[in-house]
Amino acid sequence: MAPPAEPDLSAAAEGPEPDADPSLTETVAPQPVDPISSQRSRCCTAERPCSEDEAVAPTQAPEPIPRPSILPDAEKDADPALTETVMPQPVSPRSSQRQRWYSFERPGSESEANAPTPTAAPTTPTTPTTPTTPLSKRATHLYITSYLIFFSLLGTLARLGLQALTFYPGAPVVTGVLWANVTGSLLMGFLAEDKKLFQQEWDTPPAPPKDGPEAAERAKTHLAVKKTIPLYIGLTTGFCGCCTSFSSFMRDVFLALANALPDPSLPAGAGIAPRHGGYSFMALVAVLLVTVSLCLSALIAGAHLALVLAPITPTVPFALTRRVLDRAVVFLAWGCWLGAVFLAIWPPDRHGGAETWRGRAVFALVFAPVGCLVRFYVSMLLNSRVPSFPLGTFAVNMLGTAVEGLCYDLQHVSGLGAVVPGALTGCQVLQGVMDGFCGSATTVSTWVAELNGVARRRQAYLYGGVSVGVGLGLLVVIMGSLLWTRGFAEPVCG
């Protein structure tokens with residue numbers, strides 16, 4: 001029997017051209033083998049022999065596997081193809097932090113990023129060192145209070161002295177408190193702008209001079225630190241604040257409006273000639289404009305003076321301030337205040353001569369520290385609440401102005417003790433309250449400094465206008481009700 005003919009395999013091996021055969025579709029041609037599928041087939045032949053069905057079965061394209069980092073643990077264990085070859089080891093968080101530090105802080109090479117972080121050597125602080133034995137809160141509070149008391153006495157004496165010197169016949173300006181307000185504003189501008197007197201601050205070395213924004217920032221920081229030094233607080237809040245008086249300024253404004261402003265050129269006992277109401281309004285505007293403009297100009301002139309005198313301005317040593325001045329002022333302040341009280345109780349001239357100086361100065365010195373301390377603590381409590389409108393300064397100015405009007409009425413009302421010849425002491429006490437308490441509780445130097453330091457001019461005009469308007473309104477109600485009904489009488493201590 002003849003063997004069967006073998007099929008011609010050459011023709012089948014060669015096959016037709018791919019383009020010529022229209023039956024060669026995606027169903028016949030298998031898809032390329034995925035690397036993961038080939039890895040699985042190798043794993044199958046190496047670990048266990050593949051069955052005949054598995055060998056003959058066509059390779060199917062595997063479904064895409066999600067990223068290993070977001071797969072749950074159950075799915076990771078169930079997939080035999082997820083080996084270390086496919087999934088790399090997790091990245092150490094320490095290395096990632098180091099690479100982020102290198103990429104954000106400074107550009108570095110890859111070797112620098114992978115290198116271990118070197119241990120940083122301890123560096124010495126570059127900030128100024130603080131004193132080794134800082135002051136306690138109680139000691140600082142005692143020093144601030146003592147400086148305020150001591151300089152309030154000096155500021156009140158300076159104001160009373162300038163009023164006596166500038167109130168004379170033929171004076172171009174008959175408001176004697178004007179020059180005291182100008183002097184206090186000038187010193188306030190000088191102390192606020194000065195950078196040499198308190199350069200050491202709290203025993204810190206002076207910073208090297210810088211230009212540009214750093215210099216402005218340094219000046220702002222120095223001013224903020226300077227405001228915490230007890231001696232600086234005593235000079236500005238104590239002396240400058242008590243040398244100026246907002247209540248006396250408002251009193252002169254009202255008297256100019258009411259045609260009752262004292263004139264040293266008139267003979268004693270002579271009355272003031274009547275005038276038209278329009279002239280009284282012009283007098284009111286004149287007192288307002290002259291006082292406010294001169295005080296603001298003096299504040300700016302004081303700042304310019306500090307810049308001009310900076311090369312020759314000495315620096316107050318911190319050791320001298322802390323070891324000598326701070327301790328000495330405690331005894332000086334309380335001793336001087338107690339001495340003023342004793343002089344008011346037992347005046348040395350009681351048994352002879354006229355007791356004029358006692359009413360002009362001693363009673364004012366008794367009440368001046370009280371007004372200064374009230375202004376300081378009220379300002380600390382209220383000024384920071386509304387930065388564009390210092391409520392503390394506004395409150396004490398209005399309080400002092402109201403008390404000034406009340407005391408002035410009691411002094412000048414007819415039929416009461418102030419005009420009785422035997423009531424000299426009562427009249428002097430009222431004068432002491434006006435010159436001491438009201439003059440020290442109210443301030444013009446701080447007021448113009450706040451007007452000049454407000455961020456927006458609109459807020460400055462609002463603050464200044466409200467202060468003048470409310471202050472004048474209080475005196476119109478308090479003093480005007482007496483003046484326009486019964487009139488003012490001449491006090492025995494006038």
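Each reported figure results from applying straightforward, stated rules to the coordinates on display, with no laboratory input. These numbers were taken from a predicted model, which means no experiment stands behind them. A quick note on method: Cβ atoms are made from the backbone with ideal geometry, for glycine too, and the neighbour counts reach across all protein chains shown.
Annotation for Ile312 and Ala455: the two label points, set 7 Å from Cα along the Cα-Cβ direction, are 4.0 nm apart.
Each residue of segment 361-372 was assigned a 3J(HN,Hα) from its phi angle through the Karplus expression (A = 6.51, B = -1.76, C = 1.60, θ = phi - 60°), giving 10, 5, 5, 5, 5, 5, 8, 5, x, 5, x, 5 Hz with x at Gly and Pro. Which ³J(HN,Hα) values in Hz, rounded to whole numbers, follow from the phi angles of segment 136-146 under the Karplus curve 6.51 cos²θ - 1.76 cosθ + 1.60, where θ = phi - 60° and Gly and Pro get x? Whole-Hz 3J(HN,Hα) from phi for segment 136-146: 6, 5, 5, 5, 4, 5, 5, 5, 4, 4, 5. The count of lysine pairs in segment 137-483 with alpha-carbon distances below 23 Å, taking only pairs 8 or more places apart or on different chains, stands at 13.
Along each principal axis, taking the top coordinate minus the bottom one, the Cα set of segment 213-337 gives 61, 45, 23 Å in descending order.
Length gained on full extension, Ala328 to Ala139: 66.7 nm, using 0.36 nm per residue less the C-alpha separation.
Relative contact order of segment 137-483: 28 percent, from C-alpha pairs under 8 Å at least 6 residues apart in sequence. Computed over the alpha carbons of segment 137-483, Rg followed by Dmax gives 21.0, 69 Å. Its Cα gyration tensor gives segment 355-494 an equivalent ellipsoid. The semi-axes, each the square root of 5 times an eigenvalue, are 32, 18, 10 Å from largest down.
Between the residues Val329, Gly471, Phe239, the greatest Cα displacement towards the positive end of the dipole of segment 137-483, with unit charges on the Cβ of Lys, Arg, Asp and Glu, is found for Val329. In this calculation the C-beta distance from Cys336 to Ala273 is compared with R0 = 51 Å, giving a FRET efficiency of 0.70.
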